[in-house]
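Let me begin by presenting the structure, written as structure tokens, before commenting on it.
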Amino acid sequence: MKIEVLGIGCSNCNKLYQHALEAVKLSGKEVEVIKVEDIQKIMGYGVMSTPALVIDGVVKAAGKVPKVEQIKEWIK
Amino acid sequence: MSMLKYLADSLVYTLMGIQPGTMLGEALDFFFYDAMKVFLLLVVIIFGVAVIRSFFPPEKSRKLLGNRREYAGNFLAACLGIVTPFCSCSAVPMFIGFVEAGLPLGVTFSFLISSPTVNEVALVMLWGLFGWKIAFIYTATGVTLAFFGGIIIGKLKLEHLVEDYVYQIKMGESETVVPAWRERLGYAWDYTKDILGRVWLFVLIGIGLGAWIHGYVPMEFVLKYAGPGNPFAVIVAVLIGIPLYSNAAGTIPIVQALVEKGLPMGTALAFMMSIVAISTPEMIILRKVIKLKLIAIFTGIVAVAIIIIGYLFNVIL
């Protein structure tokens, strides 16, 4: 499983990255969390609002910062 | 609202025991009344706007605008700018997404002007402190500004001032998950808390300064420097407003107190509009996708348009 946090480095993007790390830690699963800051790659997901959260290639949220519990639900 | 007036009156005159009619009493009464009113409106309206916005993600605006041309496209973009959530950190992907969808540059700019100009915090402050008519005039003016601003930029044929790599980017398709009502309300509530957390201090300082002006600054003072007698007041107001971004919450109460003391409405509207329409952080971020010359042209057109709006409203309001 892989989580990608899309964003060009704004404060909300960092917040979402922290939430994702936290959710993975709480779930106890082996999940890779990476930041995607390349604009071409971000647009490649069809996303226009950042930060966005992509889990295994599926855009789960765009333009908002989901809560830790919510992300935990998604990776269960 | 009369209940809030009663609350403020009892707090100041009964509980604190200050004589009605004194300068201190007037200023404190004004402060508590405005503060309660504004915070109540902030919570209700920002929450409402956030729920409406959850139905208009920018990806949807892009689809709606995709096959429009000039004029109709500019108008739709100006209207969508109101309901599409805008954060300066999304300005770059939004800009690229619009360009990639084949939108004319002018239509994209109509969106970029309207989105920050007609923002919910400014709207609440205007509604709460000036009444719904001024809030409505402000919104209509903001849409008009975005419409014409975009058309002028479109006519100037400035496509070469967009960074080359923007034209090379291909956007992917994604299945965006449609949120359930529970999620919409949850996000709206988080958003409301986030905005309140960011603006509350500015609101209190602004209302405090406004209350002080209300109670202590003489009318002659305002009339002398910013009244109808000073032909350059609108220009000066706009130039001061441009670098004040993100403090709409703090500046509007001060402007309201100044209007009571004789500041003309057009000058006041131009000042408030220049605060939100042209923001330095947004320009810095847009530099990633457009050349400096286009940023300068964009800022210049918007500033001149706001100055014209200011003079126009000074004549008709």
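The values are calculated or read from the model by the stated rules, or taken from the named source; none is laboratory data. Note that the structure is predicted; figures quoted are calculated from it, not measured. Methodologically, a virtual Cβ is constructed for each residue, glycine included, from the backbone with ideal geometry; neighbour enumeration extends over all protein chains shown.
Run down A:Val36, A:Val47, A:Val31, A:Val59 and say which single residue is surrounded by fewer than 22 Cβ atoms within 10 Å (Cβ to Cβ), β-branched (Val, Ile, Thr) and in contact (Cβ under 8 Å) with a residue 40 or more places away in the chain.
Numbers: A:Val36 fails: in contact (Cβ under 8 Å) with a residue 40 or more places away in the chain; A:Val47 fails: surrounded by fewer than 22 Cβ atoms within 10 Å (Cβ to Cβ); A:Val59 fails: in contact (Cβ under 8 Å) with a residue 40 or more places away in the chain.
Checking each option against the conditions leaves just A:Val31.
Check region B:70-82 and report whether any residue there is over 17 Å from B:Ala146 (Cα atoms), without any contact (Cβ under 8 Å) to a residue 60 or more places away in the chain and not β-branched (Val, Ile, Thr). Walk me through it before giving the result.
Step one: of region B:70-82, the residues over 17 Å from B:Ala146 (Cα atoms) are none.
Checked region B:70-82: no residue is over 17 Å from B:Ala146 (Cα atoms), without any contact (Cβ under 8 Å) to a residue 60 or more places away in the chain and not β-branched (Val, Ile, Thr).
From the list B:Gly154, B:Gly208, which one is under 19 Å from B:Ala277 (Cα atoms), at pLDDT 90 or above and not acidic (Asp, Glu)? Quick ask: steps written out before the conclusion?
Working: B:Gly208 fails: under 19 Å from B:Ala277 (Cα atoms).
Of B:Gly154, B:Gly208, the one residue that is under 19 Å from B:Ala277 (Cα atoms), at pLDDT 90 or above and not acidic (Asp, Glu) is B:Gly154.
For B:Arg53, indicate whether it is under 19 Å from the mean Cα position of the chain (by Cα) and either buried (at least 18 other Cβ atoms within 10 Å of the Cβ) or farther than 27 Å from B:Arg198 by Cα (or both).
On the way: under 19 Å from the mean Cα position of the chain (by Cα): yes; either buried (at least 18 other Cβ atoms within 10 Å of the Cβ) or farther than 27 Å from B:Arg198 by Cα (or both): yes.
Spelling it out, B:Arg53 is indeed under 19 Å from the mean Cα position of the chain (by Cα) and either buried (at least 18 other Cβ atoms within 10 Å of the Cβ) or farther than 27 Å from B:Arg198 by Cα (or both).
If only one of B:Tyr191, B:Tyr165 is at the interface with chain A (Cβ under 9 Å from one of its Cβ atoms) and at pLDDT 90 or above, which one is it? Don't jump to the end; show me each part of the working.
Numbers: B:Tyr191 fails: at pLDDT 90 or above.
Answer to the check: B:Tyr165.
Taking the condition touching a residue at least 24 places away in the same chain (Cβ under 8 Å) and over 18 Å from B:Glu159 (Cβ atoms), does B:Thr108 pass? Break it down stepwise before answering.
On the way: touching a residue at least 24 places away in the same chain (Cβ under 8 Å): yes; over 18 Å from B:Glu159 (Cβ atoms): no.
Here the answer is no, as B:Thr108 does not meet what is asked.
Of a type in the set (D, E, K, R), surrounded by fewer than 20 Cβ atoms within 10 Å (Cβ to Cβ), more than 11 Å from chain B (Cβ to nearest Cβ) and part of a loop (DSSP other than H, G, I, E, B) - does that describe any residue in region A:4-24? Walk me through it before giving the result.
At the first step, the residues of region A:4-24 found to be of a type in the set (D, E, K, R) are A:4, A:15, A:22.
Add one more test, that the residue is surrounded by fewer than 20 Cβ atoms within 10 Å (Cβ to Cβ), and what stays is A:15, A:22.
Subset that is more than 11 Å from chain B (Cβ to nearest Cβ): A:22.
Among the residues that remain, those that are also part of a loop (DSSP other than H, G, I, E, B) are: none.
So far as region A:4-24 goes, no, none of its residues is of a type in the set (D, E, K, R), surrounded by fewer than 20 Cβ atoms within 10 Å (Cβ to Cβ), more than 11 Å from chain B (Cβ to nearest Cβ) and part of a loop (DSSP other than H, G, I, E, B).
Any residue that is touching a helix residue (DSSP H, G or I) at 6+ places or on another chain (Cβ under 9 Å), within 14 Å of chain B (Cβ to nearest Cβ) and among the small types (Gly, Ala, Ser) - is there at least one of those in region A:34-45?
No, that holds for no residue.
Hey, any hits in region B:208-217 for a residue that's closer than 24 Å to B:Val118 by Cβ, surrounded by 15 or more Cβ atoms within 10 Å (Cβ to Cβ) and of a type in the set (A, V, I, L, M)?
Filtering region B:208-217 for residues closer than 24 Å to B:Val118 by Cβ gives B:210.
When the remaining residues are screened for being surrounded by 15 or more Cβ atoms within 10 Å (Cβ to Cβ), the result is B:210.
Within this subset, residues satisfying the condition of being of a type in the set (A, V, I, L, M) are none.
Scanning region B:208-217 turns up no residue that is closer than 24 Å to B:Val118 by Cβ, surrounded by 15 or more Cβ atoms within 10 Å (Cβ to Cβ) and of a type in the set (A, V, I, L, M).
In region B:1-22, which residues are within 36 Å of the chain's Cα centre (by Cα) and not in a loop (DSSP other than H, G, I, E, B)?
B:Ser2, B:Met3, B:Leu4, B:Lys5, B:Tyr6, B:Leu7, B:Ala8, B:Asp9, B:Ser10, B:Leu11, B:Val12, B:Tyr13
Answer with yes or no whether B:Pro20 is within 14 Å of another protein chain (Cβ to nearest Cβ) and at pLDDT below 90. Working first, answer last.
Details: within 14 Å of another protein chain (Cβ to nearest Cβ): no; at pLDDT below 90: yes.
No.
Pairs under 7 Å by beta carbon, first residue free of Cβ contacts under 8 Å to residues at least 40 places away in the same chain in region B:129-153, partner among the polar types (S, T, N, Q) and surrounded by fewer than 16 Cβ atoms within 10 Å (Cβ to Cβ), six or more apart or different chains?
Partner pairs satisfying both residue conditions: none exist.
Take the residues in region A:46-76 that are over 18 Å from B:Ala91 (Cα atoms) and in a strand (DSSP E or B); name whichever of them is farthest from the other protein chains (Cβ to nearest Cβ).
Across region A:46-76, the extreme among qualifying residues is A:Ile55.
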